[in-house]
Amino acid sequence: MSQVRVLVGTRKGAFILTSDGSRIRWTVDGPFFGGWEIYHLKGSPVDPSRLYASQSTGWFGQLIQRSNDGGRSWEPVGNTFAYDGVAGTHQWYDGTAHPWEFKRVWHLEPSLKDPDVVYAGIEDAALFRSEDGGRTWNELSGLRSHGSGPRWQPGAGGMCLHTILLDPVNKGRIFIAISAAGAFRTDDGGATWRPINRGLRSEHIPDPTAEVGHCVHRIAMHPSRPQVLFMQKHWDVMRSDDAGDSWHEISGNLPSDFGFPIEVHAHEPDTIYVVPIKSDSEHYPPDGKLRVYRSRTGGGEWEALTAGLPQRDCYVNVLRDAMAVDSLDACGVYFGTTGGQVYASADSGGNWAPIVRDLPAVLSVEVQTLP
Amino acid sequence: MIKVILPAHLKNIAGLSGALALELTGAVTQRSVLDAIEGTYPMLRGTLRDPSTRRRRPFVRFFACGQDLSHEPDDSPLPAAVAEGKEPFLIIGAIAGG
């Protein structure tokens, strides 16, 4: 019978939640790296026993941990993220030029083909790649140097490269997203990049339709249709049907189009999930009701999914990397909250139950479906 | 032998229990102690000093013999009692919330 392994990064350590395919009874292991912020951990699609984790604190900086046994044991690997050449400057909050400085790794994206190849999205925003299982890291500096880098600026959470989507069909195509710069695409494996933000409109920047400066919170794709992208922006839920060349809004009847994560059903490329949040300063669900919204039409028309979720007095947030799906026949959907709950639905969102309720604030959730 | 006491989190990373004993040749300074730690336990590189600037991380402090040595120059000799192994060199995670 299949197994599901949920990898949870929190403010104070990592947790691994496992269940069989029924997804009813769960085992909770952890904390791993107790006391450290685990921004993200993720497994290799080609070797599910190979996991990577981003471990950091304000005291001791950044470590990268690697496991070869599905998270039972870990070893620290390389933690030197040196910008390529002269790092240069980007915009600071007050509009002045600020030097690029490494702060932490937000997201780790293992290659679709080689377990020793892994990408890292960091703050201050840059993309790094390791070809030796995380021992050494090299910047794909064409992203920062394509021209718009000096105009990027941090969002409230820092200037982070938080989304990395590897195109499973088009060799060499990678999508990334940065707060608050926008979305970018390479078609040559990371050598050259260009902004892909046409159609985005952001009222918090001087030119609402500028080429860069948009606070993109998350992008998602279905692997069978990688030219279609879904985006949760600071405000607005967006869709592109041409690999990001243009975007149109699909917020439709959502109660709020502010939010952080967006995810696609494992088997239905037009079924997508978001978690509406009240506003950019009120990071909690509207009306104190934790509701996942699902569109089965690729956006525009949304239904609230509430069964099993708190519908009163709930004021948690769901962060951008804290939602994921499994690939079992009845697609499982998972998300973690800043209140420490990890919720799971084994029926595509129809019904929810907490796997665990009292973890530290959840920063990230990833899911592995194991044979 | 120089005795070094690491913060608990870093002992976990390095797989250590108790104090760390280091054999140094030459001057006993903050820099030589940190170089020896990183040379012996490469997994700790970057945790005490920024890997690019090599400067002490802001929330890492160095105490010895009842003194805060955090702001002493990297190449200043450490107290004789530390160099002679009579007193430990304490590496502390600063009290800073969280």
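What follows is calculated from the coordinates using simple rules that are stated; it is not laboratory data. Quick caveat: nothing in here was measured; it's all calculated off a predicted structure. Positions of Cβ are backbone-derived with ideal geometry, glycine not excepted, and every protein chain shown enters the neighbour counts.
Listing for the model above:
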read-out: Shielding of A:99-105 by partner chains, average beta-carbon count, 10 Å; value: 1
read-out: Anisotropy class of the stretch A:216-326 from Cα gyration tensor, a/c 1.5 cut; value: prolate
read-out: Per-residue average of Cβ from other chains inside 10 Å of B:42-53; value: 5
read-out: Förster-model FRET efficiency, 30 Å R0, residue A:279 and residue A:138, C-beta, rounded to 0.05; value: 0.15
read-out: Listed residue (A:269, A:279, A:26) projecting farthest to the positive dipole end of the protein assembly as shown, Cβ model; value: A:26
read-out: Estimated [θ] at 222 nm from DSSP helical runs (n ≥ 4, -39500 (n - 2.57)) normalised by residues in chain A, nearest 500; value: 0 deg cm²/dmol
read-out: For residue A:363, residues with placed amide H under 5 Å, excluding near neighbours; value: A:9, A:10, A:11
read-out: Relative contact order (%) - criterion: Cα under 8 Å, at least six apart; region: chain A; value: 12 percent
read-out: For A:76-89, mean number of other protein chain Cβ atoms within 10 Å; value: 2
read-out: Label point distance in nm, residue A:312-residue A:113, each placed 7 Å from Cα along Cα→Cβ; value: 5.6 nm
read-out: Three-way shape call for the stretch B:19-98 based on the alpha-carbon gyration tensor, with the a/c threshold at 1.5; value: oblate
read-out: Computed [θ] at 222 nm, deg cm²/dmol, chain B (DSSP H ≥ 4; -39,500 (n - 2.57); rounded to nearest 500); value: -6000 deg cm²/dmol
read-out: Rounded, prolate or oblate (a/c below 1.5 giving rounded, otherwise prolate when a/b exceeds b/c) for the protein assembly as shown by Cα gyration tensor; value: prolate
read-out: Inter-label distance for residue A:347 and residue A:270, nm, one decimal - labels placed 7 Å from Cα along Cα-to-Cβ; value: 2.4 nm
read-out: Dipole of the stretch A:3-370, positive direction: furthest Cα of A:155, A:237, A:344, with charges on the beta-carbon; value: A:344
read-out: Cβ charges +1 (Lys, Arg) and -1 (Asp, Glu), total dipole of chain A, debye; value: 440 debye
read-out: Candidates A:326, A:242, A:167, ranked by Gaussian network fluctuation over chain A, Cα under 10 Å, top entry; value: A:242
read-out: Cα-centred dipole magnitude for the stretch A:1-152, charges only on beta-carbon of K, R (+1) and D, E (-1), debye, nearest 20; value: 440 debye
read-out: Members of A:103/A:289; A:103/A:278; B:11/B:86 lying beyond 31 Å, as alpha-carbon distances in this model show; value: A:103/A:289
read-out: Estimated distance in nm for a label pair at residue B:81 and residue B:96, the labels positioned 7 Å out from Cα along Cα-to-Cβ; value: 2.7 nm
read-out: Relative contact order computed over chain B (Cα-Cα under 8 Å; 6+ residues apart), in percent; value: 36 percent
